[in-house]
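Below is one structure, written out as structure tokens; the observations come after it.
The values are calculated or read from the model by the stated rules, or taken from the named source; none is laboratory data. Everything quoted here is computed from the prediction, not taken from an experiment. Cβ atoms come from the backbone with ideal geometry, glycine included; neighbour counts cover every protein chain shown. Quick note on the areas: whole protein, heavy atoms, side chains included, nothing else; ligands and nucleic acids left out. Shrake-Rupley method; radii C 1.70, N 1.55, O 1.52, S 1.80 Å.
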Number of protein chains: 2
Amino acid sequence: MTRQLEHSQIVPQLLARTRDLVEPALRAAIGTLADDRMRLIASYQMGWCDAEGNPTEPGGKAIRPALAILSAEAAIGTSRFGLPAAVAVELVHNFSLLHDDVMDRDLERRHRPTGWLVFGDGDAILAGNAMLTLAMQVLDETGIEGRRSLPHILNATQLLISGQSRDLWLEGRDGVSLQEVLDMEAGKTAALLACATSVGALAAGAPDTTVRALERFGHELGIAFQLVDDVLGVVGDPARTGKSSSSDVRAGKRSAPIVAALTSDTPAGRQLAEMFAAGRHEDEDDVILATGLIKESGGLDWAIQEAEARLTRALDELAGHGLAEPAVSELAAVAAYIVDRDR
Amino acid sequence: MTRQLEHSQIVPQLLARTRDLVEPALRAAIGTLADDRMRLIASYQMGWCDAEGNPTEPGGKAIRPALAILSAEAAIGTSRFGLPAAVAVELVHNFSLLHDDVMDRDLERRHRPTGWLVFGDGDAILAGNAMLTLAMQVLDETGIEGRRSLPHILNATQLLISGQSRDLWLEGRDGVSLQEVLDMEAGKTAALLACATSVGALAAGAPDTTVRALERFGHELGIAFQLVDDVLGVVGDPARTGKSSSSDVRAGKRSAPIVAALTSDTPAGRQLAEMFAAGRHEDEDDVILATGLIKESGGLDWAIQEAEARLTRALDELAGHGLAEPAVSELAAVAAYIVDRDR
């Protein structure tokens with residue numbers, strides 16, 4: 001309660017500050033895309049314009065660039081070195097969103113139709129490619145801090161790609177273990193978060209032990225982040241998440257709370273397994289029934305508790321590396337904010 | 001005739017030599033992909049294994065890495081500096097093939113089912129992403145020659161992406177001009193060819209004027225290459241091209257010979273335009289009829305003559321920059337070989 005009250009005051013201001021730092025650089029980068037259509041789709045994906053290119057109020061919390069900036073500030077007390085990496089991480093994140101929405105056939109993202117729905121599969125894929133390539137161009141063109149960040153971000157991108165491939169593989173599959181899901185989520189979400197929380201420090205030339213501690217912080221936070229996302233994918237309020245309700249149930253996803261339910265060895269878990277084995281998860285009635293069973297079997301509670309445990313582990317990593325205030329407290333506040341969002 | 005006889009002897013040996021140089025490095029790079037499935041799909045795409053991972057006889061001519069190696073040899077007499085760029089260019093090329101086949105719904109590539117058909121859309125897209133990211137990792141990890149090549153290859157990748165987007169946009173569209181098609185082909189094919197023919201010289205630190213001449217050589221060659229590809233997309237022998245016959249007609253592509261026919265102001269061209277406007281290009285009888293009209297209207301002849309003219313321009317660029325023998329003659333031989341292939 002106290003925690004929630006505290007970060008609900010600090011974090012929005014903080015995100016506004018880092019956004020003011022990063023967004024002009026991000027807009028400048030996307031502005032260098034020579035192809036009109038790629039630039040339009042990238043701008044739409046960033047939430048800066050509608051499908052015709054008319055300016056809109058930007059959505060999205062821009063958590064990853066904020067973390068990149070804060071990690072530079074925590075490591076050497078200045079944000080400057082984290083800026084190119086913040087831009088690149090946000091571009092890589094949006095590349096993966098554009099592509100994942102095509103693969104997952106998701107219809108809505110940040111309260112708007114997804115890129116493929118508006119611009120077609122081909123151009124959504126291509127604009128994702130353009131954003132990934134642009135991320136590398138930004139780093140390649142920006143002094144030593146950019147070049148130091150490049151291998152770090154390329155590595156995280158490979159992990160992200162593998163995680164999405166595992167996610168597709170798990171979809172609709174029977175007999176999936178919770179460990180398989182957590183391994184997949186480590187790639188799909190934690191890898192880029194761990195990159196975001198450490199790349200600023202790395203770019204600034206911070207000691208290796210500091211970079212690694214920030215990386216572990218981001219990794220644990222990333223798992224917590226995904227677990228909360230998974231919970232929202234089952235019981236999230238569409239008006240707040242910007243996605244349709246119970247979308248993961250409907251899609252037959254094997255997210256952590258769903259697999260926790262399936263492997264819970266409870267009557268509700270067994271009933272859920274029977275429904276899924278019979279392919280019953282798409283009709284509205286079945287979706288409501290399945291959602292109830294995921295709750296009843298303890299799948300949701302497990303995911304919430306695990307997210308809390310991961311957050312605690314994450315915060316523990318921040319101690320003992322001489323990280324500078326206020327950035328280190330701000331990193332902690334953003335972490336708590338992420339885990340408490342929309343609950 | 002003499003030309004054809006000459007390069008038909010030289011070029012296969014030459015490509016075998018550059019393949020022996022590049023393939024071990026390419027295999028080593030793909031071997032670093034930690035994800036089993038991404039590594040399998042990349043290896044399949046390269047023609048090294050079947051869908052289960054059993055080794056197969058490699059297909060594909062590996063023209064682009066050969067050009068990258070030759071451009072280093074022509075500029076400074078040694079291939080070493082071209083090697084990371086050769087690997088990266090071939091990875092970028094195969095990334096684009098994997099993705100283009102998804103978007104174009106092509107069924108066959110190099111006499112085998114396309115990646116998406118074997119592994120699904122999602123994993124084909126992801127493996128393409130992994131190959132693009134790997135290309136950048138190879139360059140980032142390889143000394144000064146890699147880092148010099150990086151911006152050049154990133155820039156070519158953006159042009160490639162734009163070209164494919166234009167190609168999708170032109171598909172099935174009425175009133176397309178020949179200039180629009182040539183502009184699209186400059187991005188889709190010529191950009192990466194121009195990168196391949198110059199990046200070795202660039203990586204080796206050759207003078208800017210030399211790099212630019214080799215780039216213009218590659219650009220003209222790339223247009224010629226695509227025009228020949230377009231001709232084969234209308235009248236190619238499936239047994240030799242590894243694609244289905246008249247595939248571009250069936251797909252409603254706006255390739256250069258097709259648009260040359262449509263804009264030819266001939267009776268055959270007008271009849272073709274009427275067929276296309278009525279959506280008649282998919283039935284077997286209509287495909288045969290349309291193919292005949294493309295020939296009759298002079299569309300194919302135009303493309304063949306334009307390819308020859310571009311080849312002549314390309315070869316002219318090789319003179320007067322003190323490029324070293326035998327590499328400069330070998331570049332010329334590869335260029336002629338590309339334009340004469342399968343005819």
- With each label point set 7 Å from Cα along the Cα-Cβ vector, what nm distance links B:Thr209 and A:Glu180? 6.4
- Query: What nm distances, shortest first, do you get from the label point of A:Pro267 to those in the other copies when the point sits 7 angstrom along Cα to Cβ?
  - Reply: 8.3
- Query: Expressed as a whole number of Å, what is the distance separating the alpha-carbon centroids of region A:146-193 and region B:68-114?
  - Reply: 27
- Residue-by-residue Karplus 3J(HN,Hα) for region B:192-204, coefficients 6.51, -1.76, 1.60, Hz, glycine and proline x: 6, 5, 4, 5, 4, 6, 10, 5, x, 5, 4, 4, 7
- Query: At a Förster radius of 60 Å, what calculated FRET efficiency corresponds to the Cβ-Cβ distance of A:Arg17 and B:Ser329, to the nearest 0.05?
  - Reply: 0.45
- Message: Checking the a/c ratio against 1.5 first, then a/b against b/c, what shape does the Cα gyration tensor give for chain A?
- Response: oblate
- Query: Counting pairs on different chains as well as pairs 8 or more places apart, how many Lys pairs in the protein assembly as shown have Cα atoms under 15 Å apart?
  - Reply: 4
- Dipole magnitude of the protein assembly as shown, debye to nearest 20 (Cβ charges: Lys/Arg +1, Asp/Glu -1, about Cα centre): 1300
- Message: Name the residue from A:His7, A:Gly31, A:Gly53 whose Cα lies farthest towards the positive end of the charge dipole of region A:1-83, charges +1 on Cβ of Lys and Arg and -1 on Cβ of Asp and Glu.
- Response: A:His7
- Could you list which residues have their amide H under 5 Å from that of A:Asp50, counting only those 5 or more apart in sequence or on another chain, with H placed in the peptide plane? A:Thr56
- Task: Springs between alpha-carbon atoms under 10 Å, Gaussian network over chain A: tell me which of A:Thr32, A:Thr263, A:Thr189 tops the mean-square fluctuations.
- Result: A:Thr32
- Note, region A:111-121: 3J(HN,Hα) by Karplus (6.51, -1.76, 1.60, θ = phi - 60°), whole Hz, Gly/Pro = x, goes 6, 9, x, 5, x, 5, 5, 7, 10, x, 4
- Task: Evaluate E = 1/(1 + (r/R0)^6) for A:Lys295 and B:Thr266, where r is the Cβ-Cβ distance and R0 equals 60 Å; express this FRET efficiency to the nearest 0.05.
- Result: 0.30
- Task: Please list the non-local residues whose amide H lies under 5 Å from the amide H of A:Gly172, H modeled 1.01 Å from N, same-chain partners needing a gap of 5 or more.
- Result: A:Arg254
- Message: Using a Gaussian network model on chain B with a 10 Å cutoff between Cα atoms, which of B:Ile41, B:Ile153, B:Ile144 fluctuates the most?
- Response: B:Ile144
- Query: Nearest 20 debye, what's the magnitude of the dipole of region A:204-343 about its Cα centre given +1 on Lys and Arg Cβ and -1 on Asp and Glu Cβ?
  - Reply: 160
- Note on the structure: Label points for A:Glu282 built 7 Å along Cα→Cβ; distances to same position in the other copies, nm, shortest first, come to 2.2
- Message: Give me the 1.4 Å probe accessible area per residue for region B:82-195, excluding ligands and nucleic acids, in Å².
- Response: 30
- What size of dipole, in debye to the nearest 20, comes out for region A:272-343 about its Cα centre when the only charges are +1 on Lys and Arg C-beta atoms and -1 on Asp and Glu C-beta atoms? 280
- Task: With a/c under 1.5 counting as rounded, go ahead and sort region A:96-194 into rounded, prolate or oblate using the C-alpha gyration tensor (a ≥ b ≥ c being the square roots of the eigenvalues; past the cut-off, prolate if a/b is larger than b/c, else oblate).
- Result: oblate
- Message: With every atom except the alpha carbons ignored, what do you get for Rg and Dmax of the protein assembly as shown, in angstroms?
- Response: 26.6, 86
- Query: With a sphere of radius 13 Å drawn around the Cβ of A:Met38, what net charge do the other residues whose Cβ falls strictly inside it have (Lys, Arg +1; Asp, Glu -1)?
  - Reply: 0
- Positive end of the charge dipole of chain A (Lys, Arg +1 and Asp, Glu -1 on Cβ, about the Cα centre): tell me which of A:Thr18, A:Thr291, A:Asn129 has its Cα farthest that way. A:Thr18
- Task: Give the shape of region B:216-343 as rounded, prolate or oblate, defined through the alpha-carbon gyration tensor: a ≥ b ≥ c are the square roots of its eigenvalues, a/c under 1.5 means rounded, and otherwise the shape is prolate if a/b is larger than b/c and oblate if not.
- Result: prolate
- Item | Residue-by-residue Karplus 3J(HN,Hα) for region A:141-155, coefficients 6.51, -1.76, 1.60, Hz, glycine and proline x | 8, 10, x, 5, 5, x, 5, 5, 6, 3, x, 4, 6, 4, 5
- Tell me which residues come under 5 Å, amide H to amide H, from A:Gly60 once H is placed; ignore anything under 5 positions away on its chain. none
- Item | Label spacing, shortest first and in nm, from B:Gly320 to its equivalents in the remaining copies (7 angstrom along Cα→Cβ) | 7.0
- Solvent-accessible area lost in complex, 50 Å² minimum, residues of region B:145-184 relative to chain alone, 1.4 Å: B:Leu154, B:Gln158, B:Ile161, B:Ser165
- Please give the calculated 222 nm ellipticity per residue for the protein assembly as shown, where each DSSP H segment of at least 4 residues contributes -39500 (n - 2.57) and the sum is spread over every residue; nearest 500 deg cm²/dmol? -24000 deg cm²/dmol
- Task: Just the number, please: carbon plus sulfur as a percent of the accessible area of region B:160-263, 1.4 Å probe, no ligands or DNA/RNA counted.
- Result: 48
- Connecting every pair of Cα atoms under 10 Å apart in chain B and solving the GNM, the largest mean-square fluctuation among B:Gly163, B:Gly187, B:Gly252 falls on B:Gly252
- Task: Using label points projected 7 Å from each Cα along Cα→Cβ, tell me how many nm separate B:Arg105 and A:Asn54, to one decimal.
- Result: 3.3
- Once A and B are treated as a pair rather than alone, how much accessible area drops out, both sides summed, in Å² to 100, probe 1.4 Å? 2600
